[in-house]
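The values are calculated or read from the model by the stated rules, or taken from the named source; none is laboratory data. Values in this document were obtained by computation on a predicted structure and should not be read as measured data. When we count neighbours, we look across all protein chains shown, and the Cβ atoms used for this are built from the backbone with ideal geometry, even at glycine.
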Amino acid sequence: MTKEVIIRFDHVTKRYDNDAVVLDHVSFEIERGKFYTLLGPSGCGKTTILRLIAGFTEASEGDIYFNGKRMNNVPANKRQVNTVFQDYALFPHLNVYENVAFGLRIKKVKNSEIDRRVKEALRFVNLSGYEKREITEMSGGQRQRVAIARAIVNEPEVILLDEPLSALDLKLRTEMQYELRDLQKRLGITFIFVTHDQEEALAMSDEIFVLNQGKIQQSGTPTDIYDEPINRFVADFIGESNIVPGKMIRDFEVEFAGKVFECVDQGLNQNESVDIVIRPEDLEITSWNEGKIQVKVDSQLFRGVHYEMICYDEAQNEWLVHSTKKATVGEKIGLNFEPEAIHVMRLGETEEEFDKRLESYQEAGYEQ
Amino acid sequence: MNNKARWFYLLPYVLWIGLFVITPILLVVYYSFFDLHGNFTLANYEKLFTFVYMKMIASSFWYAFLITAFCLIIAYPAAYFITKTKYKQLLLLLVILPSWINLLLKAYAFLGIFSTDGAANNFLEAVGIGAQQILFTDFSFVFVSVYIFIPFMLLPIFNALDKLNPALIDASRDLGASAWTTFRKVVFPLTLSGVKSGVQAVFIPALSLFMITRLIAGNRVITLGTAIEQHFLVTQDWGMGSAIAVFLIITMVVIMIVTGTRKRGVQ
Amino acid sequence: MKKKSVWPRVYLAFIFIVLYAPIFYLMFYSFNSGGTMNNFEGFTLEWYKELFGDKRLLIIVLNTIIIALLSSAISTIIGVLGALAIVYMRKKTAKQALLSFNNVLIVSPDVIIGASFLILFTMAGIKLGFTSVLLSHIAFSIPIVVIMVLPKLQEMSSSLIDAARDLGAGHWDVLSKVVLPYISPGVFAGFFMALTYSLDDFAVTFFVTGNGFSTLSVEIYSLARRGISLNINALSTLLFLFTIILVAGYYFIMQRNSRSAGAGVQK
């Protein structure tokens, strides 16, 4: 796929009436035809980015480009983007057909053309035959699809989705994740999806932007972000993690929990203080003697596919372990892990510095 | 939203506020400082504080208080029982319906019922008490007023009771409160806002009634409303009428502040 | 299951009997050939015949209806614009101020509205009669329309407007294709309330009307002051039926509206 930038944010800042800054000098690029996810806790600024792209709100500073043209002052109704709203925002006084046809009617498209396109859009979202239904007669999942059909029927270049799955129950949500991903592939248009649900983000995206407190913390593919979180926040927000303080002795050697371990990280200062991240599923239970770390099992829960246990080492660090093997509460066990499972995070490292460091590994021949 | 559109919405509405809300009040205040011959004077207000007027004001308040109290005593249990029935929406509609019938017709009906040979006296004779003079008494005035105002008291109380989460009552009982304690400590405090709006909706109009006093009470009862009407339409002393009106407006504002729940209800 | 006491039902039954007895009493005697509201002598339709033969009264009925329809139509337009202006107001204090002004005429006693409007029209040199009555009815109906429309506007999710703009709708399209259809139940309710307020109003009209122009309420008052005449009973029977039809129509609209909303909750 050729790289074609469709939306570009250049140091965009948004603040409301002298209150706290919602977005703080955010810059990023969105490429055509990809599935993007803006991920972060509530209040992190992800929805604000969406509203800025849609044109519902104006940037306080910075520029927003669409296909290379600055569009800060273009009103929402003149933009080539369409939104699927969190509450769907379907017009209650119109039926399914008229909701989908709304945008085309505004543009004064010919009736025969409207009919063709509305039916096609409804077929796309598997709602053929529901044209005459009232919105109130549709279930949550169906409303969701109507909202998507209403957006895609206008053939926009970008579709914005504002937590559209949050109102659905778990089963339907998983189903819709597949459908949305599939729909984006078939349509080939850019999707920008906003969510606070990390599983959703990991499952669907080509690229994820992790946001916190008005700043992009990290961007990259789901595996990048999961495997190499840049800081405590990302590590904590994406999946469950064990984060313990440590010290980089020298390249490929790190100390934490009172011991020195082999690792794959390099290029840090000698004796630099760092945070160590180990994912709970990378920890393996073994006997007390064979383990790299010795812990005592404090509590255990059966989670279906695995057991989840909370253990403490002698330094009273907490270790969350996901294991298919069972342990006994109170038992003293050992934990084993590969050198690759250790993720070293520099304190206060920015994304740029982080990327540079990763590149230096690759030059040295370490492929992740 | 551009500015032009905003002005398009705002202009007629603001014109209305200016012409029919602010101007009339200012005019009333202005007129209250003039006597019959158009001279500036404070005499109207001085007169307001004479014994005759103070007595009239006191009796007007007394009647309004009586009417409001009776309305509350009758309407609260009724509202409570209605929320407990299966057909509460229908019953509520039945309560409201009479309030949509022209006030004058209801007052007129009582002219017949309370007349010397009317239904009320027939009933009194049948139970052995004997016929009474009912029309043109304080009793008839209060009775008819209560009759007319009951829906206005009942509706806000009903709404407050209806909104009350029934789990709260269960919780109170669960925690060991008796039915009466539950009512006193949970139900009544939570429906107090409804009672306040009900009191507002009855007390202020009750102060300013003039049509019922004329038809039902003869001229025995004089309320603030009757006095204003008398001054404006009969004696043509607009200055004095305006002074009483200003007094009524101030009273109204005080009542609104004391029972100030209305704004919250609107918001 | 707790044993249910009969007293609540007895109490409610008593309340409803008292609420409706006067109305049916009035209607019952409209068929009395005896000419009084006391003893029923025989069935007759004479009073209705007399009513329909009374040309002056028919003109008054016509006046009342014209005033009601005109005033509620105009006040609905201004009220809807006002509600939009309030909702789109960005500054909180300005919004609050508009709301307070809006409520002044709603809480003001009729006597004060009537008296202050009387001064206003006299000062402005408007002849008391059709124009002054129409203007007053528009004036006191506007805030009622605003109150009925506002909740609908406030409950409307702002994402609906965003969605319309997102789909390419300009300012006028948003208003005509999304906002107005959405709030239409509130607009209907407002129009309807304005209609009933206008039809029912006595006090304000009584103050601002002049010689030769009268509405039904004022006419009933002057007839009732002269004593009992079964014409009024016949008239009130007709009015009662008319009110029932209006109320039924109103509830039909409200019901349809709440049912579609209710279905949304059910799913």
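What to note about this one:
- Test result for B:Phe139, away from chain C (no Cβ under 11 Å), surrounded by fewer than 22 Cβ atoms within 10 Å (Cβ to Cβ), free of Cβ contacts under 8 Å to residues at least 12 places away in the same chain and hydrophobic (A, V, I, L, M, F, W, C): yes
- Test: residue in region B:260-267 that is within 11 Å of chain C (Cβ to nearest Cβ), among the hydrophobic types (A, V, I, L, M, F, W, C) and within 21 Å of C:Ser116 (Cα to Cα): no
- The residue that is farthest from A:Ile6 (Cα to Cα), among those in region A:67-94 that are within 11 Å of chain C (Cβ to nearest Cβ) and assigned to a strand (DSSP E or B), is A:Val84.
- Filtered residues of region C:13-47 (kept if closer than 16 Å to C:Phe240 by Cβ, more than 7 Å from every other protein chain (Cβ to nearest Cβ) and not in a helix (DSSP H, G or I)): C:Ser30, C:Phe31
- Any hit, region A:306-319, residues being surrounded by fewer than 16 Cβ atoms within 10 Å (Cβ to Cβ), aliphatic (A, V, I, L, M) and within 16 Å of A:Phe256 (Cα to Cα): yes
- Scanning region B:183-227 for residues that are without any contact (Cβ under 8 Å) to a residue 12 or more places away in the chain and either outside any helix (DSSP H, G or I) or charged (D, E, K, R) (or both) gives B:Arg184, B:Asn219.
- Residues satisfying the stated conditions in region C:172-213, i.e. touching a His at 6+ places or on another chain (Cβ under 7 Å) and within 14 Å of chain A (Cβ to nearest Cβ): C:Pro181, C:Tyr182
- Residue in region C:78-88 that is more than 30 Å from B:Leu207 (Cβ to Cβ) and more than 10 Å from every other protein chain (Cβ to nearest Cβ) present: no
Table: residues versus (1) of a type in the set (A, V, I, L, M, F, W, C); (2) under 30 Å from B:Ala64 (Cβ atoms); (3) in contact with a Lys or Arg (Cβ under 8 Å, 6 or more places away or on another chain); (4) at the interface with chain B (Cβ under 8 Å from one of its Cβ atoms).
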site: C:Lys95; (1), (2), (3), (4): no, no, no, no
site: C:Val104; (1), (2), (3), (4): yes, yes, no, yes
site: C:Val107; (1), (2), (3), (4): yes, yes, yes, yes
site: C:Ile126; (1), (2), (3), (4): yes, no, no, no
site: C:Ser132; (1), (2), (3), (4): no, yes, no, no
site: C:Ile147; (1), (2), (3), (4): yes, yes, no, yes
site: C:Leu153; (1), (2), (3), (4): yes, no, no, no
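- Counting only helices (runs of 4 or more DSSP H) that sit wholly inside region B:4-95, those with at least 3 residues that are modelled with pLDDT of 90 or more, touching a helix residue (DSSP H, G or I) at 6+ places or on another chain (Cβ under 9 Å) and under 30 Å from C:Val10 (Cβ atoms) are B:51-84.
- Filter pass, B:Ser99 being within 10 Å of another protein chain (Cβ to nearest Cβ), under 17 Å from the mean Cα position of the chain (by Cα) and under 30 Å from C:Ala234 (Cβ atoms): yes
- Odd one out for A:Ile159 among (1) without any contact (Cβ under 8 Å) to a residue 24 or more places away in the chain; (2) under 25 Å from A:Gly214 (Cα atoms): (1)
- C:Met37 vs. criteria within 23 Å of the chain's Cα centre (by Cα) and touching a residue at least 40 places away in the same chain (Cβ under 8 Å): no
- Where A:Pro41 falls short, out of the listed (1) in contact with a Leu (Cβ under 9 Å, 6 or more places away or on another chain); (2) more than 8 Å from every other protein chain (Cβ to nearest Cβ); (3) surrounded by 16 or more Cβ atoms within 10 Å (Cβ to Cβ); (4) part of a loop (DSSP other than H, G, I, E, B): (3)
- Condition check for B:Ser172: away from chain C (no Cβ under 12 Å), more than 23 Å from B:Ile57 (Cβ to Cβ) and either free of Cβ contacts under 8 Å to residues at least 12 places away in the same chain or among the basic types (Lys, Arg) (or both): no
- Residue within region B:147-169 that is β-branched (Val, Ile, Thr), within 17 Å of B:Leu111 (Cβ to Cβ) and surrounded by 13 or more Cβ atoms within 10 Å (Cβ to Cβ) present: yes
- Any hit, region B:55-69, residues being surrounded by 20 or more Cβ atoms within 10 Å (Cβ to Cβ), among the hydrophobic types (A, V, I, L, M, F, W, C) and more than 12 Å from chain C (Cβ to nearest Cβ): yes
- The set of residues in region A:256-278 that are under 31 Å from the mean Cα position of the chain (by Cα), surrounded by 16 or more Cβ atoms within 10 Å (Cβ to Cβ) and assigned to a strand (DSSP E or B) comprises A:Phe256, A:Val274, A:Asp275, A:Ile276, A:Val277, A:Ile278.
- Listed by position, the strands (runs of 3 or more DSSP E) inside region A:95-213 whose residues that are among the hydroxyl-bearing types (Ser, Thr, Tyr) number at least 1 are A:190-195.
- Meets criteria (more than 8 Å from every other protein chain (Cβ to nearest Cβ), touching a residue at least 12 places away in the same chain (Cβ under 8 Å), farther than 20 Å from B:Val221 by Cβ and under 23 Å from the mean Cα position of the chain (by Cα)) for B:Leu164: no
- In region B:136-153, the condition of being at pLDDT below 85 and not in a helix (DSSP H, G or I) is met by at least one residue.
- Qualifying residue in region B:227-236 (condition: within 30 Å of C:Gln154 (Cβ to Cβ) and not small (Gly, Ala, Ser)): no
- Qualifying residue in region A:112-132 (condition: within 25 Å of A:His196 (Cβ to Cβ), among the small types (Gly, Ala, Ser) and modelled with pLDDT of 90 or more): no
- Candidates C:Ala68, C:Ala115: the one that is crowded, with 22+ Cβ neighbours inside 10 Å, under 20 Å from C:Thr205 (Cβ atoms) and more than 8 Å from chain B (Cβ to nearest Cβ) is C:Ala68.
- Residues of region C:214-248 classified as more than 8 Å from chain B (Cβ to nearest Cβ), free of Cβ contacts under 8 Å to residues at least 12 places away in the same chain, among the small types (Gly, Ala, Ser) and part of a helix (DSSP H, G or I), total: 2
- Exactly one residue out of B:Leu92, B:Leu72 is of a type outside the set (Lys, Arg) and away from chain C (no Cβ under 13 Å), and it is B:Leu72.
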